[in-house]
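K.L.:
Here it is, the structure, as structure tokens.
The values are calculated or read from the model by the stated rules, or taken from the named source; none is laboratory data. Quantities reported herein were computed from a predicted structural model and do not represent experimental measurements. Here the Cβ positions follow ideal geometry from the backbone for every residue, glycine too, while neighbour counts run over all protein chains shown. SASA here: full protein model, heavy atoms, side chains in, ligands and nucleic acids out. Shrake-Rupley method; radii C 1.70, N 1.55, O 1.52, S 1.80 Å.
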Amino acid sequence: MFYLNPNKQQAIATQDWPLTFARLKEEAKNPLLKAYYAAGLVSGDTPLSQVPFLSIDIETTGLCPKKNGILSIGAVPMSLARIRCKDAKHWFVKPRTKVDGSSMVIHGITHSQIAAAPDLQTIMQEMLTLFAGKILVVHCRSIERGFLDAAFRTRINEGLEFPVVDTMELEGRLHRKKPLSWWDRLLGRKPTSIRLAASRERYGLPTYHPHDALTDALASAELLQAQIAHHYLPNTPLKEVWK
């Protein structure tokens, strides 16, 4: 399906996620997954002001879902009007892959925290219950989708699918509409950064210490609110921004 974004005059592909969830509910074998998909989703025509969002971030041992594992997951329920920090969740989990010292330095997660952490399968029901019915907000969907899908396949032999609003992709629409010209490259100019900290700075949002799952989930939630306030309307349909 395609729709026309009237503000940008370009066709953008969108998926019918409620229909996809109905299919996945019938296909799922694991009861936890079946219950998650059965909870359903709001339609793509839902105004952004009425969408129940859940901002998430995961910290990992590396960048490859097939070779690396999840160390922690942060999740913050939100809407365009409110970020519900009191309902936030932060899990440390023990990866099934080797943890090297370099990733520990980046995330600040200690070996003792990982040694005491459960396997992700232990928190799977709690996590899916929190995810149910929500539209997930992420900054770089390939990380959250790739690692969660791989983690589920490793543990229950079924993957996990979910729609997201990717704040990095939304920034890319604004700042990376076309590649740099040869003249820009000759002058040593670089593409505008759409990393989380740089994106937040453009909206005057405060600087947070990076690479903590819960803090980054909060940072993405605040960034989405700012992006919508500056570039969209509260009645903009969800299908204009989800993937």
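K.L.:
Sequence neighbours fewer than 8 away in the same chain don't count; with that in mind, list the lysines whose C-alpha is under 24 Å from K190.
P.N.:
Within the straight-line cut-off, K190 pairs with K8, K177, K178.
K.L.:
Which value at 222 nm does the chain reach when only helices count, each DSSP H run of 4 or more adding -39,500 (n - 2.57), with the total divided by all residues and rounded to the nearest 500 deg cm²/dmol?
P.N.:
-12000 deg cm²/dmol
K.L.:
Further question on the same structure: Over 21 Å between Cα atoms, which of K25/K243; K34/K66; K34/K89; K134/K243; K66/K98 qualify?
P.N.:
K34/K66; K34/K89
K.L.:
A28: net charge of surrounding residues, Cβ under 12 Å, Lys/Arg +1, Asp/Glu -1, itself excluded?
P.N.:
Result for the neighbourhood of A28: 0.
K.L.:
Mind checking which of I83, S193, M127 is farthest towards the positive end of the chain's charge dipole, using Cβ charges of +1 (Lys, Arg) and -1 (Asp, Glu) about the Cα centre?
P.N.:
S193
K.L.:
While we're here: Based on the alpha-carbon gyration tensor of the chain and its eigenvalue square roots a ≥ b ≥ c, which shape applies: rounded if a/c is under 1.5, prolate if not and a/b is larger than b/c, or oblate?
P.N.:
oblate
K.L.:
Could you state the accessible area per residue of segment 43-92 in Å², with a 1.4 Å probe and every protein chain left in place?
P.N.:
Dividing the accessible area of segment 43-92 by its residue count gives 43 Å².
K.L.:
Mind checking which aspartates and glutamates have their Cα closer than 12 Å to the Cα of K239? Skip sequence neighbours fewer than 8 apart in that chain.
P.N.:
Excluding near neighbours in sequence, the set is D16, D45.
K.L.:
Where nothing but the Cβ of Lys and Arg (+1) and of Asp and Glu (-1) is charged, how large is the charge dipole of the chain around its Cα centre, in debye to the nearest 20?
P.N.:
The calculation lands at about 480 debye.
K.L.:
Nothing charged except the Cβ atoms of Lys and Arg (+1) and of Asp and Glu (-1): what's the magnitude of the dipole of segment 114-243 about its Cα centre? Round to the nearest 20 debye.
P.N.:
I would put it at about 740 debye.
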